[in-house]
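Visitor: Here it is, the structure, as structure tokens.
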Amino acid sequence: MKLDRRAFVASLGGPAAISLMTPDDKADALEHYLEDRLKEADVLEGILKEVQGGQYPTVGELEARNADLDRPYRNGTGTLFVPRNDGDRTVDGRLRPLITMPEKPTLLDFFKYRFAWTGHCLQSATRALHTGMREEVVLACLLHDVVLSVMHPDHGWWGAQLLEPYVPEITTFAIRYHQTLRFYPDEAYGYVYPEGYLRVFGADYKPEPYLQRTYEFVRNHKWYEHSRLVTVNDYYAFDPNAKVSIEPFIDIMGRHFKQPKEGLGWDNSPSSHMWRTMIMPDRRL
């Protein structure tokens, strides 16, 4: 894989941030960066192959796979804890190395060292920024899937809980409900049901009643558009060759993300435990 040096440097926070890293940290960061690019390419390739082949499993077939207790982990396990990419896809069977977090970690530190799917989130936010969406929605696009490091099921709710103490209410709302809206097309916004979901959930899948109730609530809410715009930008953000950077979002993060002076995980907020889980994923208790 060809290394985009400019994108790599930008992903770490620029030359100033790199100058503070040890040689080992730089080596680990490079390995992590290349692995993430391979992960994203692997998932996209797999989805395209199955879409082109027209072969999708049924709900019953997926349930049969889940009945296999010889699996090394459950499908919903976060990427920090198992050597996986997305769904049943693994990369090379190895956990990725973790760099020790700073004493008072910031949101940018988590982007550098812990969050998964950063390329996808950056693509989503870049599209939102270039199409002139309000900053609270751009921030929601930037953060909408970062909680996948910890948990996949109901990640909209998990992500909203993780971020709620630190971001505007509109951003929290958009993140919480984007997951639900992914299951419901809206022609007015150009959003169609993702073909990849036919693979992940089954060709005959129908959203559970709690999702239907949630959809009806959100569809009639004054902030429906904000969550819907996250799904629109989410849908078009899986290009493994896209060149993206965190740099355009530094100021937006500064304006709308309330960074605690103690550092994320150490500020005793309702979600501090979730940030600490990412800081110390090898703790047994």
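The values are calculated or read from the model by the stated rules, or taken from the named source; none is laboratory data. The structure presented is a predicted model; accordingly, all values stated were derived computationally and were not measured. All Cβ positions, even for glycine, are placed from backbone atoms using ideal geometry, and neighbour counts span all protein chains on display.
Visitor: Can G254 be described as farther than 21 Å from M151 by Cα and surrounded by fewer than 14 Cβ atoms within 10 Å (Cβ to Cβ)? Before the answer, list the steps.
Guide: On the way: farther than 21 Å from M151 by Cα: yes; surrounded by fewer than 14 Cβ atoms within 10 Å (Cβ to Cβ): yes.
Considered against the rule, which asks whether it is farther than 21 Å from M151 by Cα and surrounded by fewer than 14 Cβ atoms within 10 Å (Cβ to Cβ), G254 comes out as yes.
Visitor: Scanning for something surrounded by fewer than 20 Cβ atoms within 10 Å (Cβ to Cβ), farther than 24 Å from P57 by Cβ and aromatic (F, W, Y), does segment 190-211 turn up at least one residue?
Guide: no
Visitor: Kindly indicate the residue of segment 120-130 that is over 9 Å from the mean Cα position of the chain (by Cα) and surrounded by 23 or more Cβ atoms within 10 Å (Cβ to Cβ) and also nearest to D234 (Cα to Cα) among those meeting that condition.
Guide: So the first thing to find is which residues in segment 120-130 are over 9 Å from the mean Cα position of the chain (by Cα), and the list is 122-130.
From what is left, the residues that are surrounded by 23 or more Cβ atoms within 10 Å (Cβ to Cβ) are 122-125, 128.
On the way: L122: 10, Q123: 8, S124: 5, A125: 9, A128: 10 Å.
Checked segment 120-130; the qualifying residue nearest to D234 (Cα to Cα) is S124.
Visitor: Report yes if V230 is in contact with a Cys (Cβ under 6 Å, 6 or more places away or on another chain) and under 30 Å from F110 (Cα atoms), otherwise no.
Guide: Numbers: in contact with a Cys (Cβ under 6 Å, 6 or more places away or on another chain): yes; under 30 Å from F110 (Cα atoms): yes.
Yes, satisfied.
Visitor: Restrict the check to segment 59-82 and report whether at least one residue is surrounded by 16 or more Cβ atoms within 10 Å (Cβ to Cβ), at pLDDT 85 or above and of a type in the set (V, I, T).
Guide: no
Visitor: While we're on this one: Would you pick out the residues in segment 157-188 that are among the aromatic types (F, W, Y), surrounded by fewer than 19 Cβ atoms within 10 Å (Cβ to Cβ) and either in contact (Cβ under 8 Å) with a residue 40 or more places away in the chain or not in a helix (DSSP H, G or I) (or both)?
Guide: Taking segment 157-188 and keeping what is among the aromatic types (F, W, Y), we get 157-158, 166, 173, 177, 183-184.
Subset that is surrounded by fewer than 19 Cβ atoms within 10 Å (Cβ to Cβ): 157, 184.
The one that is among the aromatic types (F, W, Y), surrounded by fewer than 19 Cβ atoms within 10 Å (Cβ to Cβ) and either in contact (Cβ under 8 Å) with a residue 40 or more places away in the chain or not in a helix (DSSP H, G or I) (or both): Y184.
Visitor: May I pose another question? Does segment 137-149 include one or more residues that are outside any helix (DSSP H, G or I), under 11 Å from the mean Cα position of the chain (by Cα) and either on the phi > 0 side of the Ramachandran plot or in contact (Cβ under 8 Å) with a residue 60 or more places away in the chain (or both)?
Guide: Just the residues of segment 137-149 that are outside any helix (DSSP H, G or I), to begin with: 144-145.
Now restrict to residues that are under 11 Å from the mean Cα position of the chain (by Cα): 144-145.
When the remaining residues are screened for being either on the phi > 0 side of the Ramachandran plot or in contact (Cβ under 8 Å) with a residue 60 or more places away in the chain (or both), the result is 144-145.
Among the residues of segment 137-149, at least one is outside any helix (DSSP H, G or I), under 11 Å from the mean Cα position of the chain (by Cα) and either on the phi > 0 side of the Ramachandran plot or in contact (Cβ under 8 Å) with a residue 60 or more places away in the chain (or both), which makes the answer yes.
Visitor: Check off (1) modelled with pLDDT of 95 or more; (2) in contact with a His (Cβ under 8 Å, 6 or more places away or on another chain) for L148 and give me the number that stays unchecked.
Guide: Only one criterion in (1) modelled with pLDDT of 95 or more; (2) in contact with a His (Cβ under 8 Å, 6 or more places away or on another chain) is unmet by L148, namely (1).
Visitor: Considering only segment 193-233, state which residues are over 19 Å from V137 (Cα atoms) and either small (G, A, S) or without any contact (Cβ under 8 Å) to a residue 12 or more places away in the chain (or both).
Guide: Y193, G196, G202, A203, K206, E208, P209, Y210, Q212, R213, E216, F217 - these are the residues of segment 193-233 that are over 19 Å from V137 (Cα atoms) and either small (G, A, S) or without any contact (Cβ under 8 Å) to a residue 12 or more places away in the chain (or both).
Visitor: Report, by residue number, each residue of segment 211-265 that is over 21 Å from W157 (Cβ atoms) and part of a helix (DSSP H, G or I).
Guide: If the condition is that a residue be over 21 Å from W157 (Cβ atoms) and part of a helix (DSSP H, G or I), then E247, P248, F249, I250, D251, I252, M253, G254, R255 are the ones that fit.
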